[in-house]
Every structure is written in C-alpha cells, then in structure tokens.
C-alpha cells in the first residue's frame with residue numbers, strides 16, 4: 001500500500017506514469033507497505049501466464065525473496081526507478097523515505113532491490129546514474145542502501161506513519177529502532193533467479 005500523500009500523474013513520454021508527493025513527506029516516513037491485498041504469483045503460476053497478461057505482470061510486478069511475483073493492488077506499482085532513489089526497502093516488507101520528499105517530487109525506489117531477472121537500461125538522470133540496473137546490483141550496492149536506511153531508521157517512531165497499521169513486522173521494527181544493529185540488510189529480500 002502506497003502512502004496516502006501521493007498521486008498518480010503523467011511524468012513524460014519515456015517514463016510514462018509515476019507517483020508524486022502531494023505534501024512534504026519527511027525522511028524516515030514509511031512510504032510503501034506490502035499489503036495483504038497485493039496479488040502473489042508463485043513462480044510456476046507465473047510461467048503458465050502468456051501474452052499481454054504476462055507482459056503486464058512483467059512490467060508491474062516485483063520479485064520477493066522467495067521468487068514470487070508481487071503485483072501491488074494500488075498505485076504502488078507505478079513507483080519509478082532512480083539510481084538516487086528517495087525511498088529504500090530495508091529487510092522488511094516496506095519502503096522508507098531516505099530524504100525529505102517535496103510536494104510534486106516523484107516517489108522513487110531503486111529497481112536493483114526488486115530482484116529483476118534481466119538488465120534494465122536506465123535513463124533516470126541522477127548524477128550517479130548507473131545507466132544499467134542489473135540483477136546483481138544488491139550484491140554490489142547493499143551496503144550503500146543499508147547505510148541510507150540506518151541513517152533515517154530511528155525517525156520511524158518519531159513521525160506520523162499513516163501506513164503503520166498495515167505494517168506486518170511492527171515488533172521487529174520497534175526493536176530495531178531501539179537497537180539499530182537489528183536492522184536487517186536489504187539483502188534479506190535478495191533472490192537470485194535460476195539460470
């Protein structure tokens with residue numbers, strides 16, 4: 001489930017649609033939570049889907065740590081990639097803003113965290129753009145992502161969190177706020193696709 005202070009809007013002909021903040025979202029705010037309404041496709045079920053349905057799922061699903069394709073039921077599926085993402089997924093089923101997000105600014109994540117099964121050409125425009133997002137990116141970039149999360153994680157319980165009721169790992173998150181050594185690495189959800 002995506003943060004309520006967002007809206008779907010047309011970005012440009014290359015990107016298509018994306019989500020932008022309608023109000024300022026402070027760093028440390030949970031911006032997305034995996035929801036029980038999200039559709040889950042086991043690997044064997046996904047392989048049996050063909051045609052336009054499969055193309056749609058390929059475009060809008062992410063892959064979890066067990067290799068399942070997850071289709072967000074709401075506008076969360078329209079969050080675009082940026083190599084300088086303003087939201088990062090820790091080792092929990094959520095994403096957290098790692099910087100303040102201004103009204104009108106796009107909500108972005110790093111597709112390197114979404115367990116892609118092939119290279120994705122990137123033209124995000126960030127000064128640190130990798131130009132290609134690869135399935136192996138978590139192995140390379142997890143320390144940077146984990147550091148970004150550690151920097152803002154203690155803010156989680158100090159800010160309004162409209163998605164808190166939907167968080168499935170409340171106890172673990174509360175423990176990690178008090179003991180940052182317990183924050184799991186973003187590698188917790190890493191999945192290597194079979195070759």
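Please treat every number below as a calculation from the coordinates, not as lab data. As the structure is a computational prediction, the values presented were derived from the model and not from experiment. Using ideal geometry, Cβ is built from the backbone for each residue, glycine included, and neighbour counts are taken over all protein chains shown.
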Subject >> Span from the the stretch 111-162 Cα centroid across to the the stretch 1-34 one, whole angstrom >> reply: 16 Å
Subject >> GNM result for the chain, Cα springs below 10 Å: residue of 125, 65, 28 fluctuating most strongly >> reply: 125
Original post:
Direction-averaged shadow area of the convex hull around the Cα atoms of the chain, nm²?
Top reply: 10.8 nm²
Original post:
Measuring from label point to label point, each 7 Å out along Cα→Cβ, what is the residue 120 to residue 36 span in nm?
Top reply: 2.9 nm
Original post:
What residue among 177, 70, 15 shows peak mean-square fluctuation when the chain is described by a Gaussian network model with Cα springs under 10 Å?
Top reply: 15
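Taking the number of other C-beta atoms within 10 Å as the exposure measure, put 142, 50 in order starting with the fewest. Provide the component values of the computation, followed by the final result.
On the way: 142 18, 50 8.
Fewest-to-most ranking of 142, 50: 50, 142.
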Original post:
If you average 1/r over every pair of different alpha-carbon atoms in the stretch 140-191 and take one over that average, what Kirkwood value in Å do you get?
Top reply: 11.9 Å
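For residue 181 and residue 74, FRET efficiency with R0 = 35 Å and r from the beta-carbon atoms, rounded to 0.05? Each step should come with its number before you reach the end.
Values: r = 33 Å, r/R0 = 0.95.
Between residue 74 and residue 181 the formula returns 0.55.
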Original post:
What is the antiparallel percent of DSSP beta bridges lying wholly in the chain, to the nearest 5?
Top reply: 90 percent
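For the chain, what does the relative contact order come out to in percent, with C-alpha contacts under 8 Å and a separation of six or more? Mind dumping the intermediate values first?
On the way: 377 pairs, mean separation 51.6, N = 195.
Result for the chain is 26 percent.
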Subject >> Pairwise Cα inverse-distance average, inverted: Kirkwood Rh of the stretch 76-182 (Å) >> reply: 14.8 Å
Original post:
So between residue 129 and residue 50, what do we pick up on full extension, going 0.36 nm a residue minus the alpha carbon distance?
Top reply: 25.2 nm
